[in-house]
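The structure appears below as structure tokens.
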Amino acid sequence: MGLCIEGGCLCGAIRYRATAPPISRSICHCRSCRRAGGAPSVAWSTFHVNSLVFCQGVPMRYPSSEDVVRTFCGNCGTPLSYRHVLDTDTIDITTATLDAPEQFPPTRETWIEHKLPWERLNESTRHYPRGGDGN
């Protein structure tokens, strides 16, 4: 059958499935992710868009900025995904919504210049002041 990574929202109305492992795993400290997640930071697993499908329910879409669309469960409010309109090849999924999030630990932390002062960085990850591409 092959690899199958699954996850979904708190109430179970939305389910998704990935058929390939994530291409990156990160924690984001930016203000936008903190507000969207209602948390001091948000862990993301990035998948090739062709390897991920929402197989139950249809997530609600929210354009959180001019170039970004986030999805969430319209029933329970669980944040599910992040897509930048210029990056048509990938989709970020909130790692905590995976059925086995412990299998996908982050390898980097981004936007640490926005990090809340009382949150600690994980010393075993790479740290980036802004986005994870070295800027």
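The values are calculated or read from the model by the stated rules, or taken from the named source; none is laboratory data. Predicted, not measured: the structure shown is a model, and the values here were computed from it. Positions of Cβ are generated from backbone atoms using ideal geometry, with glycine treated the same way; all protein chains shown enter the neighbour counts.
Structural remarks
- Pairs with Cβ under 7 Å, 6+ apart, first in the stretch 16-42 and on the phi < 0 side of the Ramachandran plot and part of a loop (DSSP other than H, G, I, E, B), second surrounded by fewer than 19 Cβ atoms within 10 Å (Cβ to Cβ) and of a type in the set (Gly, Ala, Ser): Thr19/Gly2; Thr19/Ser51; Ala20/Ser51
- Test for Pro101: is it surrounded by 18 or more Cβ atoms within 10 Å (Cβ to Cβ) and closer than 26 Å to Gly131 by Cα: no
- Only residues that are in contact with a strand residue (DSSP E or B) (Cβ under 7 Å, 6 or more places away or on another chain) and at pLDDT below 95 were counted in the stretch 1-29, giving 1.
- Meets criteria (basic (Lys, Arg), out of contact with any helix residue (DSSP H, G or I) (no Cβ under 9 Å at 6 or more places or on another chain) and assigned to a strand (DSSP E or B)) for Arg61: yes
- The residue pairs whose first member lies in the stretch 101-127 and is under 30 Å from Ala20 (Cα atoms), whose second member is among the acidic types (Asp, Glu) and surrounded by 14 or more Cβ atoms within 10 Å (Cβ to Cβ), and whose beta carbons are closer than 8 Å, counting only pairs six or more residues apart or on different chains, are Leu121/Glu109; Asn122/Glu109; Thr125/Glu109; Arg126/Glu109; His127/Glu109.
- If only residues of the stretch 77-98 that are in contact with a Phe, Trp or Tyr (Cβ under 9 Å, 6 or more places away or on another chain) and hydroxyl-bearing (Ser, Thr, Tyr) are counted, the one that is farthest from Ile14 (Cα to Cα) is Thr90.
- Selected residue (criterion: nearest to Gly12 (Cα to Cα)) from residues of the stretch 104-135 that are crowded, with 16+ Cβ neighbours inside 10 Å and among the hydroxyl-bearing types (Ser, Thr, Tyr): Thr110
- Note on the stretch 43-55: among residues that are surrounded by 13 or more Cβ atoms within 10 Å (Cβ to Cβ) and assigned to a strand (DSSP E or B), the one that is farthest from the chain's Cα centre (by Cα) is Phe54.
- Residues satisfying the stated conditions in the stretch 116-129, i.e. more than 14 Å from Ser26 (Cα to Cα) and either basic (Lys, Arg) or not in a loop (DSSP other than H, G, I, E, B) (or both): Arg120
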